[in-house]
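Right, I'll just put the structure down here and ask away after.
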Amino acid sequence: MRVLVTGGAGFLGSHLCDFLLKRDHEVICMDNLITGNIENISHLSGHERFSFIKHDVTEYIFLPGGLDAVLHFASPASPVDYLELPIQTLKVGSLGTHKALGLAKEKGARLLLASTSEVYGDPEIHPQAEDYWGNVNPIGPRGVYDEAKRFAEAMTMAYHRYHGVETRIVRIFNTYGPRMRLNDGRVVPNFISQALSGKPITVYGDGSQTRSFCFCSDLVDGIYRLLTSDVDTPVNIGNPTEFSIMEFARKVIEITGSASEIIYKDLPEDDPKVRRPNIGKARELLGWEPKVELDEGLKKTLEYFRSRVN
Ligand code: UDP
């Protein structure tokens, strides 16, 4: 396949580029480098099946030649990033998705949309299955991301139904691993960099809120299975092992052997109280489930962060 990865220089996008190249596909990576980082793909420079185009996908995408698939991963993804970049986040989810779908239609390519567990908002149903419509505050600070992704799903289904474009939608739950930005503000990079530098670990609220963390290699495997499947309705991909943020803070302290203390800060507005994927659909239709335990994934992530902190 000849595949375009938008957001290909980001954390997940760059792992997808690696995965596709290993499976002998040709990869065109597109990124405007606002939250993506060229270092994430620098090891691919000179690869005969890899190319990079610096481009903002909210602008018309011109791409010569044939194309088999578009993986639309461009977007700020950390709450801190999308609070700082609210308009860009809304634009990339709406206009960017429209451009990516337009390109897929023109080329007769399949499009896979990177959606999110944020479409469930602060969920009233737990764990979250794909048939839950969610509980999102459209005018809250997180709304810029949540609603952009909800709009992106609606636009994707419209192109599928009206134009017959082959589409796939993955709802990605919290994912971690090497190449997350140290300062992206999410809980994994925050806690690890705080632990490694001996600074206090900042737990927001009382730490009773829960998240379920998936290692990036598991996620990319699930996404590839979805891309190559015939499932055209949304599929959750994430790890269903749930931790409170307090448990997670203790785990990071244990694994790093850090002497950091835990301190408390205000809980951000609309912070979901619980989150855990129901992965029954992925298990049944894709034969997928995560394999990497938190301890193992954290150790791999730690190696990367150690090299960056140093
Ligand atoms: N969080 C925290 N301390 C931090 C960063 C995040 O306690 O330094 C909490 C945050 O309030 C949320 C959870 O960790 O409850 C996960 O936050 P993250 O920003 O990673 O992503 P989210 O799952 O909220 O999109």
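The values are calculated or read from the model by the stated rules, or taken from the named source; none is laboratory data. No experiment lies behind these values; they were computed from the predicted model shown. Positions of Cβ are backbone-derived with ideal geometry, glycine not excepted, and every protein chain shown enters the neighbour counts. Side chains are part of the model used for accessible areas, which takes the heavy atoms of the whole protein and leaves out ligands, DNA and RNA. Shrake-Rupley method; radii C 1.70, N 1.55, O 1.52, S 1.80 Å.
Please compute, over every Cα-Cα pair in the range 124-191, the percentage with a separation greater than 13 angstrom.
76
Rounded to a whole number, what is D in µm²/s for the chain from Stokes-Einstein with the Kirkwood radius over alpha-carbon pairs (25 °C, 0.890 mPa s)?
The calculation lands on 125 µm²/s.
Determine the share of the chain's accessible area contributed by carbon and sulfur atoms, expressed in whole percent, with a 1.4 angstrom probe.
50
Now, a different point. Considering only C-alpha atoms, what is the centroid distance from the range 61-75 to the range 223-258, in Å?
So the separation of the two Cα centres works out to 27 Å.
Ok, one more. When the Kirkwood hydrodynamic radius is evaluated over all pairs of different C-alpha atoms of the range 63-138, what value in angstrom, to one decimal, is obtained?
14.2
For the range 97-182, give the magnitude of the charge dipole about the Cα centre (Cβ charges: +1 Lys/Arg, -1 Asp/Glu; no others), in debye to the nearest 20.
Dipole about the Cα centre, nearest 20: 520 debye.
Charges on Cβ only, +1 for Lys and Arg, -1 for Asp and Glu, centred on the Cα centroid of the range 193-310; of 223, 302, 287, which one is farthest towards the dipole's positive end?
Farthest towards the positive end: 302.
List every residue whose amide H lies under 5 Å from the amide H of residue 116, counting only residues 5 or more places away in sequence or on a different chain, with H placed 1.01 Å from N in the peptide plane.
172
Within 13 Å, Cβ to Cβ, of residue 47, how many net charges do the neighbouring residues add up to if Lys/Arg are +1 and Asp/Glu are -1?
That sum, taken over residues with Cβ under 13 Å, equals -2.
Hey, another quick one. How much of residue 126 can a 1.4 Å solvent probe reach, expressed as accessible area in Å² and rounded to 10?
Roll a 1.4 Å probe over it and residue 126 shows about 80 Å².
Taking θ = phi - 60°, what integer Hz values does the Karplus form 6.51 cos²θ - 1.76 cosθ + 1.60 yield along the range 264-281, in sequence order, with x for Gly and Pro?
Coupling constants for the range 264-281: 10, 10, 4, 6, x, 4, 6, 4, x, 7, 9, 7, 7, x, 8, 10, x, 5 Hz.
If the viscosity is 1.002 mPa s and the temperature 20 °C, what Stokes-Einstein diffusion coefficient in µm²/s follows for the range 193-253 when Rh is the Kirkwood radius over Cα pairs?
It diffuses with D of about 154 µm²/s by this estimate.
Between residue 193 and residue 161, what is the label-point separation in nm under the 7 Å Cα-to-beta-carbon projection?
Rounded to a tenth, the inter-label distance reads 4.3 nm.
Any idea of the accessible area per residue across the range 172-310, 1.4 Å probe, to the nearest Å²?
Per residue, the range 172-310 has an accessible area of 44 Å².
How big is the Rg/Rh ratio for the range 95-243, C-alpha atoms only, Rh by Kirkwood, two decimals?
Radius of gyration relative to Kirkwood radius: 1.00.
Take the Cα coordinates of the range 14-115, assign each an equal point scatterer, and use the Debye formula without solvent to give log10 I(q)/I(0) at q = 0.10, 0.11, 0.15 Å⁻¹.
Once normalised to I(0) and log-transformed, intensities are -0.27, -0.33, -0.63.
Report the local net charge at residue 37: Lys and Arg +1, Asp and Glu -1, summed over other residues whose C-beta lies under 14 Å from its C-beta.
Combined, the nearby Lys, Arg, Asp and Glu give 0.
Hey, got the dipole for the chain? About the Cα centre, +1 on K and R Cβ, -1 on D and E Cβ, debye to the nearest 20?
480
Would you grab the residues whose amide H sits under 5 Å from the one on residue 29? Only those 5+ places off in sequence or on another chain, please, with H modelled 1.01 Å from N.
Under 5 Å from the amide H of residue 29 lie the amide H atoms of 5, 51, 52, 53, each far enough along the sequence or on another chain.
Ok, one more. Quote to one decimal, in nm, the extra length available between residue 154 and residue 244 on full extension: 0.36 nm per residue of separation minus the C-alpha distance between them.
29.2 nm
What order do 299, 91, 107 take when sorted by accessible area (1.4 Å probe), most exposed first?
Result, largest first: 299, 91, 107.
Suppose all protein chains stay in the model; what accessible area per residue would a 1.4 Å probe give for the range 1-145, in Å²?
43
Give, as a single signed number, the net charge of other residues whose beta carbon lies under 13 Å from the beta carbon of residue 303, with Lys and Arg counted +1 and Asp and Glu -1.
After counting each charged neighbour, the total is +4.
Between Rg and the Kirkwood Rh of the range 205-308, both from Cα atoms, what is the Rg to Rh ratio?
1.03
Still on this model: Which value, in debye to the nearest 20, gives the size of the charge dipole of the range 169-310 about its Cα centre, when Lys and Arg are +1 and Asp and Glu are -1 at the Cβ?
It works out to roughly 320 debye.
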